[in-house]
Each structure stands twice: as C-alpha cells, then as structure tokens.
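The next block holds one structure in the form of structure tokens; read it before the comments.
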Amino acid sequence: IQGRVMVEFVINKDGKVSDVRVAKSVSPELDEEAVKVVSASPKWRPGRLKGEKVRCSLTIPVEFRLEKKGKSGFGIKK
C-alpha cells in the first residue's frame, strides 16, 4: 500500500501538536501511521499574530512510497 495521507493538526502556543486527524485517507493502516508520526513530532514553532504566539492549524501531506530494489523490483538480484 502506498499513497499520500493528508493530516490536519493544531500547533498550540507552546509549540506542541494536538487535535491530530486524517483529512484525506489512503487506508486505515497508513492513516494510523501518519497520525502517529505527526503526534510524535517534536515541538513546532507556534504561529504569531501581531507579535503574539497563537494557536494555528496546519494540513500537511504524509507520503508513503514503496521503492523498487534491484532489476526485478522486489529486492531479488538475478
């Protein structure tokens, strides 16, 4: 399975991520992994409005892509 999961979340005034949810799904397995990755990310730089830190929401793509290995495409060398 591969594809791009769109994940929405909020960055709080302290830079912590909260309210993580899938905006565009690929499959339950990839959606769950994308939410885990974003939830476990280190602190972000919070948004600012007129010099004050504010909560802000973001939507980002989390891409899952399989890479081919070797000539056969399955990691098997001939």
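No value in this document is a laboratory result; all are computed from the given coordinates. These figures come from a predicted structure and were not determined experimentally. We place every Cβ from the backbone using ideal geometry, glycine too, and count neighbours over all the protein chains shown.
Just a few scattered comments:
- Against the rule of thumb 2.2 N^0.38 Å, how large the Cα Rg of the chain comes out: 1.48
- Candidates 29, 67, 52, ranked by Gaussian network fluctuation over the chain, Cα under 10 Å, top entry: 67
- In the range 11-50, Cα pairs under 8 Å separated by at least six residues give a relative contact order of 59 percent.
- Over 28 Å apart at the Cα level, from the set 24/68; 16/69; 16/68, are 16/69; 16/68.
- Label-zone membership for the range 27-50, site residue 13, 7 angstrom Cα→C-beta point, backbone N under 11 Å: none
- With Cα atoms, 0 to 90° folded angle of helix 28-39 axis to the chain main axis: 40
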